[in-house]
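Heads up, the thing below is written out as structure tokens.
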Amino acid sequence: MNVVTTDGVTGTVTATRRVGVRGVRGALGRSVAEYVATLDGVSVALGLPAGEPCHTLVEVGLADHDVLGRRGASPTIDAAELVAEADRRGAVHVVLVTSAMVYGAIANNPVPLTEEAVLRPDPRFAYARQLAAAEELVEAWRTARPGRTVAVLRPAIPVAAGGTSSLARALTAGFGQRFGEADPGAQFVHHADVASAVGVAVVRQLDGVYNVAADAAIPGERVRALSGQRWRLPLPERVLEVVGALRWRFQRGPIPPGLRSYTRQPWSVANDKLRAEGWEPTVTGEQAYVESTEAPWWSNVTPKRRQEISLGLLVALLAGGVATGVVLVRRWWRQRTD
């Protein structure tokens with residue numbers, strides 16, 4: 001039976017397939033579940049009854065850093081539960097959504113990274129380290145029995161309107177802090193494009209690793225401008241590390257241990273392999289970031305207007321200072337002459 005998805009991707013299946021979707025707790029999971037439900041030749045179930053069989057099992061919850069943080073779980077534990085459920089239901093195909101952060105941010109990373117790159121996540125960043133371990137667990141499940149297939153999707157930072165992303169906020173907060181050094185680019189992908197990537201993996205029953213990202217990274221200074229981030233005094237690297245660690249420890253800072261390296265070194269990814277399967281991003285990284293960011297009012301003010309506002313404030317402050325000085329001098333003179 002020929003199947004055509006809503007974005008024009010064509011694949012072939014022998015019959016209607018039962019697909020279970022796990023991890024539908026946040027905005028990203030809901031986007032994926034809603035999209036997969038539109039695929040022809042696919043019967044989607046959320047929270048399958050115990051023992052009910054399915055052909056494909058999709059796990060998207062591991063990629064949702066914010067949901068994981070709220071419920072105190074770990075990607076590794078979720079992956080173990082995933083393969084156990086796949087065994088119980090007799091699934092032969094698994095689609096696992098992780099993150100491009102598993103590659104790590106290393107000075108000698110090629111730009112962009114392809115799926116053949118060695119995984120080198122920052123060992124201090126538990127989220128990325130555990131996602132890499134989760135991929136290993138699912139790969140072991142695939143090789144344990146002939147006929148099984150696994151599609152591992154590694155998206156850049158997923159963002160969308162109404163979808164919170166502490167990772168996006170933390171990355172932005174880490175830019176623009178070093179003396180005389182440019183920030184690496186930041187790469188984002190819209191929830192809708194992650195969802196369509198899952199759809200391609202389900203329809204084509206993909207087997208392998210695929211990056212999911214917009215076509216290009218956004219320069220760090222452009223991300224700062226889009227976020228409306230105010231200028232901050234750059235500090236020496238060692239001072240930043242100490243201050244950042246203390247702020248995180250006392251819940252005053254947005255950058256968790258290990259994430260700072262991702263604001264220092266390149267880790268953008270190529271999407272050519274998934275494009276070859278018929279997938280295309282529909283939203284640029286910049287558009288996705290802007291849509292997800294509630295920037296302060298000054299981010300929408302032109303540079304010229306900002307200068308005018310700053311000059312006006314300066315004049316007002318000076319005028320206020322002069323007026324205060326005059327009042328104080330008059331008061332002092334009166335006290336002397338009385």
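The values are calculated or read from the model by the stated rules, or taken from the named source; none is laboratory data. Bear in mind the structure is a predicted one, so any value in this text is a computation, not a measurement. Ideal geometry is used to build each Cβ from the backbone, glycine not excepted, and the neighbour counts take in all protein chains shown.
Evaluating residue 46 against the criteria (1) over 14 Å from residue 86 (Cβ atoms); (2) in contact with a Ser or Thr (Cβ under 8 Å, 6 or more places away or on another chain); (3) free of Cβ contacts under 8 Å to residues at least 60 places away in the same chain leaves one unmet condition, (2). Among the listed residues 185, 90, 199, identify the single one that is of a type in the set (Gly, Ala, Ser) and under 24 Å from residue 224 (Cα atoms). Unique residue meeting the criteria: 185. Of the residues 45, 107, 86, the single one that is hydrophobic (A, V, I, L, M, F, W, C) and out of contact with any strand residue (DSSP E or B) (no Cβ under 8 Å at 6 or more places or on another chain) is 107. Tallying residues that are among the basic types (Lys, Arg) and either part of a loop (DSSP other than H, G, I, E, B) or free of Cβ contacts under 8 Å to residues at least 40 places away in the same chain (or both) within segment 130-151 yields 2. Scanning segment 268-303 for residues that are modelled with pLDDT of 95 or more and in a helix (DSSP H, G or I) yields a total of 4.
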